[in-house]
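Read-outs throughout are calculated quantities, based only on the coordinates presented, and are distinct from any laboratory measurement. Source: prediction; values computed, not measured. When we count neighbours, we look across all protein chains shown, and the Cβ atoms used for this are built from the backbone with ideal geometry, even at glycine.
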Amino acid sequence: MNLKDHIRGIPDFPKPGILFYDISTLLRHADAWQVAMGRMANVVRAYHPTVLAGVESRGFLLAAPLALKLGCGFVMLRKRGKLPGETVGLDYDLEYGTDRIEIQADAVTPGAKVVVVDDLLATGGTMAAGIKLLQNVGADVVAAAALIELTFLNGRQKLDVPFEALVQYDD
């Protein structure tokens, strides 16, 4: 099955000049969703993770069921102020400004083997920040994975761990 057949491109969202790759069309197609999760499981399983870290918010849609399928734990990497309890955060640069990503202070045990999961890798800034944050709290980040990679933005080059994607768009 070609998963690209189930991913819709929406021009000029969220702003003019951006082509948004909408995975909601894949999620609502039961067979495509099963195939995508099966393929992601095969890719991620090779890294033997104990925990999957989902990047807010569409990364949760992939990482949580994938963790269940693989028998792993699941933790959330969220924007500032979204997690209860004590958190640890990391500020990072965007093309125009900065952002912050946080994790609960007790979310991973030191040495836990973690794979970071998101729906899409574009410029790589958020994924790189998530990896660094997890490393800062003692996790062994063994890989990162996404359903979609926009190869023309070279986001993979910002990551210091192996990266896997099921679908790539080259322009």
- [ ] Enumerate the aspartates and glutamates that Lys132 could reach by cross-link, defined here as Cα to Cα under 17 Å, with residues fewer than 8 away along the same chain left out.
- [x] Glu56, Asp91, Asp93, Asp99, Glu102, Asp106, Asp118, Asp140, Asp160
Task: Potential extension, His29-Asp160 segment - 0.36 nm per residue separation minus Cα distance - done: 43.8 nm
Open item on the list: Per residue of the range 76-87, what does 6.51 cos²θ - 1.76 cosθ + 1.60 with θ = phi - 60° give for ³J(HN,Hα)? Whole Hz please, x for Gly and Pro, Karplus curve as stated.
Closed with: 10, 9, 10, 6, 3, x, 9, 10, x, x, 6, 10
Open item on the list: Please return the longest range in the chain lying between exposed loop sites, taking GluC sites (Glu not before Pro), DSSP loop only, at most 13 other beta-carbon atoms within 10 Å, and leaving the sites out.
Closed with: 1-85
Task: Cleavage-rule hits, trypsin sites (Lys or Arg not before Pro), the range 14-80, DSSP coil, Cβ neighbours within 10 Å at most 10 - done: Arg28
Task: Lys4-Asp106 FRET efficiency (beta carbon distance; Förster radius 30 Å; 0.05 resolution) - done: 0.15
- [ ] Within 10 Å, count the other beta carbons around each residue, average over each peptide in 117-130, 4-17, and list them highest first.
- [x] 117-130, 4-17
Task: Two-site label geometry, Asp140 and Asp171: point separation in nm, points 7 Å out along Cα→Cβ - done: 4.3 nm
Open item on the list: As a test of the formula, what do you get for the chain when each DSSP H run with n ≥ 4 contributes -39,500 (n - 2.57) and the sum is divided by the residue count, at 222 nm and rounded to the nearest 500 deg cm²/dmol?
Closed with: -8000 deg cm²/dmol
- [ ] Run through the DSSP bridge list for the chain and note the antiparallel percent, rounded to the nearest 5.
- [x] 40 percent
- [ ] May I ask you to work out the translational diffusion coefficient for the chain at 37 °C, viscosity 0.692 mPa s, via Stokes-Einstein with Rh from the Kirkwood sum over Cα pairs, reported in whole µm²/s?
- [x] 203 µm²/s
